[in-house]
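Reviewing the structure listed below.
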Amino acid sequence: MTTESDELLPPYDGIQLSDVRMVKSAKDAADALTALSAMDVIGFDTESKPTFVKGEVSTGPHLVQLATDETAFLFQIGAEPAVDVLKAVLESPAILKVGFGLQDDVKRLRAKLGIEATNVLDLSTALRKKNERNTLGAKTAVARYFGQALQKSKKITTTNWALPRLSEKQILYAADDAHVALKIYRHWRSEQAVPR
């Protein structure tokens with residue numbers, strides 16, 4: 001949903017497809033583990049195939065996205081080497097995982113894969129100003145911190161994330177979710193470090 005104020009803002013460019021890695025092989029997994037383990041903070045999000053019937057239980061997550069400053073790694077659940085890397089990175093107390101609305105993501109990872117994510121910071125509440133009651137989403141944060149409009153297509157959000165081959169639009173959407181969280185976190189922390 002775009003508001004009038006969103007339309008006045010320049011669009012947020014987002015991550016390029018050339019900076020996204022689909023983790024499919026053991027080598028991809030090893031490369032992802034090396035890059036992610038070297039980070040102090042990573043962007044984090046998951047995608048699940050939507051449920052449309054009342055009472056239907058989600059079988060997600062179907063995709064886990066982890067981002068460094070330069071690269072987003074997408075792990076399709078079901079790809080064998082992915083779970084070991086996800087477990088090592090998400091359970092590491094040395095790496096801060098940042099994202100928006102992560103409570104459900106963490107719960108589903110525990111239920112489906114037995115991963116106990118630690119050192120997780122949910123930006124939805126962390127970035128909330130003292131007088132704000134509602135949680136903050138990525139769109140609002142991008143507008144507030146970067147003065148840009150993050151495009152969030154409902155059509156892409158509700159696509160089937162369990163497909164063996166994701167479309168280019170799905171890949172970019174998912175990668176952006178994790179990558180923009182890290183960028184916003186870095187911006188927020190740098191603002192806090194500046195004496196006022």
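Answer yes or no: is there a residue in region 87-99 that is within 15 Å of the chain's Cα centre (by Cα), among the β-branched types (Val, Ile, Thr) and surrounded by fewer than 20 Cβ atoms within 10 Å (Cβ to Cβ).
Within region 87-99, not a single residue is within 15 Å of the chain's Cα centre (by Cα), among the β-branched types (Val, Ile, Thr) and surrounded by fewer than 20 Cβ atoms within 10 Å (Cβ to Cβ).
When the residues of region 146-185 are filtered to those that are buried (at least 17 other Cβ atoms within 10 Å of the Cβ) and among the hydroxyl-bearing types (Ser, Thr, Tyr), which remaining residue is nearest to Gly43 (Cα to Cα)?
Tyr185
What about Thr125, is it part of a loop (DSSP other than H, G, I, E, B) and of a type in the set (Val, Ile, Thr)? I'd like the intermediate steps shown before the answer.
On the way: part of a loop (DSSP other than H, G, I, E, B): no; of a type in the set (Val, Ile, Thr): yes.
So Thr125 fails the test.
Being without any contact (Cβ under 8 Å) to a residue 60 or more places away in the chain and either surrounded by 16 or more Cβ atoms within 10 Å (Cβ to Cβ) or in contact with a Phe, Trp or Tyr (Cβ under 7 Å, 6 or more places away or on another chain) (or both) is the filter here, so list the residues in region 118-134 that pass it.
Result: Asp122, Ser124.
In region 30-67, which residues are crowded, with 24+ Cβ neighbours inside 10 Å and either in a loop (DSSP other than H, G, I, E, B) or modelled with pLDDT under 85 (or both)?
The answer is Pro61, and nothing else.
Every residue in region 115-144 that is touching a Gly at 6+ places or on another chain (Cβ under 9 Å) and closer than 23 Å to Ile77 by Cα, please.
Of all residues in region 115-144, those touching a Gly at 6+ places or on another chain (Cβ under 9 Å) come to 120-124, 135, 137-138.
Listed by number, the residues that qualify are Val120, Leu121, Asp122.
From the list Gly78, Gly101, exactly one residue is more than 21 Å from Val142 (Cβ to Cβ) and either without any contact (Cβ under 8 Å) to a residue 40 or more places away in the chain or part of a loop (DSSP other than H, G, I, E, B) (or both). Which is it? I'd like the intermediate steps shown before the answer.
Details: Gly101 fails: more than 21 Å from Val142 (Cβ to Cβ).
Going through Gly78, Gly101 in turn, just one is more than 21 Å from Val142 (Cβ to Cβ) and either without any contact (Cβ under 8 Å) to a residue 40 or more places away in the chain or part of a loop (DSSP other than H, G, I, E, B) (or both): Gly78.
The values are calculated or read from the model by the stated rules, or taken from the named source; none is laboratory data. Just so you know, these numbers come straight off a predicted model, no measurement behind them. Counting neighbours? That spans all protein chains shown, and the Cβs are built from the backbone with ideal geometry, glycine included.
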